[in-house]
Amino acid sequence: MSITIKRDVCIGCGKCRMVCPGSLLKADQDRKAYIAYPRDCWGCASCVKECPVNAISLYLGSDMGGKGSLLSVEEKGDLLYWKVEKTDGTTVTIEVNKKDANQY
Ligand code: SF4
Ligand code: SF4
């Protein structure tokens, strides 16, 4: 499991580096983020959620039925829009209201 970062979208804020529990993310000479140890990523999605410009996507493993699919998230107010881009070109979007967190 690993992530991919759109270098042209990254604004170099450093938030992903601060939240990665494995310190796997680094900054290059232009302050753009990259993953230095992709094989060590366990897919916690913390960096995906933290990125303010939606530059990071998570590859979904085959164990989740998502081989080759990419998971990203966009935040608008209290709403999170989790988007799965499948290899066949289709997308699935799941809307989550953060106010509902810890409700269950
Ligand atoms: S998904 Fe989690 S472990 Fe992987 S790079 Fe992002 S923050 Fe680090
Ligand atoms: S959080 Fe997003 S914008 Fe900020 S450094 Fe990481 S990839 Fe770039």
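Annotations for the structure displayed:
- Spacing of the two label points (7 Å from each Cα toward its C-beta) at Thr90 and Cys44, in nm: 3.3
- For the chain, the fraction of alpha-carbon pairs lying more than 22 Å apart is 32 percent, rounded to a whole number.
- Solvent-accessible area per residue in the stretch 1-98 equals 62 Å², computed with a 1.4 angstrom probe and all protein chains kept.
- Share of carbon and sulfur in the accessible heavy-atom surface of the chain [1.4 Å probe, %]: 48
- Per-pair calculated FRET efficiency, R0 = 35 Å: Gln103 and Gln29 via Cβ, rounded to 0.05: 0.20
- Reachable aspartates and glutamates from Lys15, criterion Cα separation under 16 angstrom, eight or more residues apart if same chain: Asp28, Asp30, Glu50, Glu74, Glu75
- Gain in span if fully extended, Met1 to Lys76, counting 0.36 nm per residue against the direct Cα distance: 24.3 nm
- Using a 4.7 Å Cβ-Cβ cutoff, the cysteines of the chain lacking any partner cysteine are Cys10, Cys13, Cys20, Cys41, Cys44, Cys51.
- Distance violations [Cα-Cα > 25 Å] among Lys49/Lys99; Lys67/Lys99; Lys26/Lys76; Lys26/Lys49; Lys32/Lys99: Lys67/Lys99; Lys26/Lys76; Lys32/Lys99
- For a straight C-alpha distance cut-off of 16 angstrom, the aspartates and glutamates reachable from Lys86 (same-chain residues fewer than eight places away being disregarded) are Asp63.
- Sequence-ordered 3J(HN,Hα) estimates for the stretch 17-30 from the Karplus curve with 6.51, -1.76 and 1.60 and θ = phi - 60° stand at 5, 6, 9, 5, x, x, 6, 8, 9, 10, 10, 8, 5, 9 Hz, glycine and proline given as x.
The values are calculated or read from the model by the stated rules, or taken from the named source; none is laboratory data. Keep in mind that what you see is a predicted model, and the values were worked out from it rather than measured. Cβ coordinates were reconstructed from backbone atoms using ideal geometry, including for glycine residues, and neighbour counts include every protein chain displayed. Accessible surface is based on the protein model in full, side chains and every heavy atom, while ligands, DNA and RNA are left aside. Shrake-Rupley method; radii C 1.70, N 1.55, O 1.52, S 1.80 Å.
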